[in-house]
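Written below as structure tokens is the structure these notes are about.
The values are calculated or read from the model by the stated rules, or taken from the named source; none is laboratory data. Quick caveat: nothing in here was measured; it's all calculated off a predicted structure. Here the Cβ is made from the backbone with ideal geometry for all residues, glycine too, and neighbour counts use every protein chain on show.
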Amino acid sequence: MAWWRRARRWWLGRHPIPDAWAQIIDDDVPFAAALPAAERERLLALTSVFAREKRFVGAAGMEVDDRVRVVISATAARLVLHLHLGYYDRVYEIVVVPEPYRRPDQEHWVAGEAHAGGSVVLAWSAVVAGLANPFDGRDTASHEFAHLLDAEDGAFDGTPTLRALGHYRPWATVMDHHFRALRRGRKRRHKVLRHYGATNEAEFFAVATEAFFEKSSQMKRHTPDLYEELRRFYRHDPAA
């Protein structure tokens, strides 16, 4: 089916991007303003294809309009801006609810969750709050889409599909080192990563992704080897 996806994305990419969608990104996606012109155009193109390709469903009274669809699609596109949409091949559905929710078997509130089958649930208020401050290292949508990148190889294990076999050993060494340091409460990591990343390896990767894009200078300064592994994977240098 890979050829069919490529052909469909090519066809979707030929659709003109509505002016209203570009305006939504200008108004509601703060990180886009910091991108060079060429990268912003690529973000728009990827956003347009993702928004048209994936199924968006409103739940718990949520209405999915163009603003919701475009803002969420832009956060997904940001992670693969220098990669490709093939990392989201397994993703087929984005369920959007108005507010964080609590499942019957849990005590804490949930702002989002990703499922290995290819669906993700996002609380719209949490998505908006995560984008409001692009420097605090907290971005619900980026966190959940990072989980989907992680699961692209079939498992939530903190290791997405890397581009070269030789990348896996240094990735595992660096990620394990910082994950264990975060679990031990090392202060240097807490300047960059929130403690939720100590839950397990999958959450560590998602939390590190949030910080990579939103606290890139701090990460490069305090944990340069972690920054380098993420820079090599995402093919992006946000601290620059």
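Looking at the structure I just gave you, is Val64 hydrophobic (A, V, I, L, M, F, W, C), surrounded by fewer than 18 Cβ atoms within 10 Å (Cβ to Cβ) and at pLDDT 95 or above? Explain how you work it out, then say what you get.
Values: hydrophobic (A, V, I, L, M, F, W, C): yes; surrounded by fewer than 18 Cβ atoms within 10 Å (Cβ to Cβ): yes; at pLDDT 95 or above: yes.
Considered against the rule, which asks whether it is hydrophobic (A, V, I, L, M, F, W, C), surrounded by fewer than 18 Cβ atoms within 10 Å (Cβ to Cβ) and at pLDDT 95 or above, Val64 comes out as yes.
One line per residue, one yes/no per condition, for (1) within 23 Å of Ser217 (Cα to Cα); (2) surrounded by fewer than 21 Cβ atoms within 10 Å (Cβ to Cβ):
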| site | (1), (2) |
| --- | --- |
| Phe56 | no, yes |
| Ala60 | no, yes |
| Val68 | no, no |
| Leu79 | yes, no |
| Val91 | no, no |
| Gln106 | no, yes |
| Ala111 | no, no |
| Val121 | no, yes |
| Asp150 | no, no |
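Considering the range 49-90 alone, what residues qualify as being in contact with a helix residue (DSSP H, G or I) (Cβ under 7 Å, 6 or more places away or on another chain), without any contact (Cβ under 8 Å) to a residue 40 or more places away in the chain and among the charged types (D, E, K, R)?
Of everything in the range 49-90, just one residue is in contact with a helix residue (DSSP H, G or I) (Cβ under 7 Å, 6 or more places away or on another chain), without any contact (Cβ under 8 Å) to a residue 40 or more places away in the chain and among the charged types (D, E, K, R), namely Arg69.
Looking for something in contact with a strand residue (DSSP E or B) (Cβ under 8 Å, 6 or more places away or on another chain), in contact (Cβ under 8 Å) with a residue 24 or more places away in the chain and more than 23 Å from Ile25 (Cα to Cα) - is there at least one such residue anywhere in the range 101-109?
Scanning the range 101-109 turns up at least one residue that is in contact with a strand residue (DSSP E or B) (Cβ under 8 Å, 6 or more places away or on another chain), in contact (Cβ under 8 Å) with a residue 24 or more places away in the chain and more than 23 Å from Ile25 (Cα to Cα).
Ala181 passes all but one of (1) within 17 Å of the chain's Cα centre (by Cα); (2) closer than 18 Å to Tyr196 by Cα; which number fails?
Ala181 satisfies every listed condition except (1).
Is it fair to say Asp139 is surrounded by fewer than 23 Cβ atoms within 10 Å (Cβ to Cβ) and out of contact with any strand residue (DSSP E or B) (no Cβ under 6 Å at 6 or more places or on another chain)?
no
Conditions first: (1) over 19 Å from Tyr227 (Cα atoms); (2) at pLDDT 95 or above; (3) not β-branched (Val, Ile, Thr); (4) not in a loop (DSSP other than H, G, I, E, B). Glu99 passes all but one, so which condition is the exception?
(4)
Can you tell me which residues in the range 146-184 are out of contact with any Leu (no Cβ under 9 Å at 6 or more places or on another chain), aromatic (Phe, Trp, Tyr) and assigned by TED's automatic domain parsing to the domain that holds Val207?
Once the filter is applied, which keeps residues that are out of contact with any Leu (no Cβ under 9 Å at 6 or more places or on another chain), aromatic (Phe, Trp, Tyr) and assigned by TED's automatic domain parsing to the domain that holds Val207, the range 146-184 yields only Phe179.
Return yes or no: is Ala151 more than 26 Å from Asp28 (Cα to Cα), in contact with a strand residue (DSSP E or B) (Cβ under 9 Å, 6 or more places away or on another chain), touching a residue at least 60 places away in the same chain (Cβ under 8 Å) and among the hydrophobic types (A, V, I, L, M, F, W, C)?
yes
Among Asp136, Asp105, Asp150, Asp157, which is modelled with pLDDT of 95 or more, assigned to a loop (DSSP other than H, G, I, E, B) and over 17 Å from His236 (Cα atoms)?
Just a single option satisfies the conditions, and that option is Asp157.
Can you run down the residue pairs with Cβ atoms below 9 Å, 6 or more apart or on separate chains, where the first is in the range 190-201 and within 12 Å of Met219 (Cβ to Cβ) and the partner is in a loop (DSSP other than H, G, I, E, B) and not hydrophobic (A, V, I, L, M, F, W, C)?
Correct list of pairs: Lys191/Lys215; Lys191/Thr223; Val192/Gly137; Val192/Lys215; Val192/Thr223; Leu193/Gly137; Leu193/Lys215; Leu193/Thr223.
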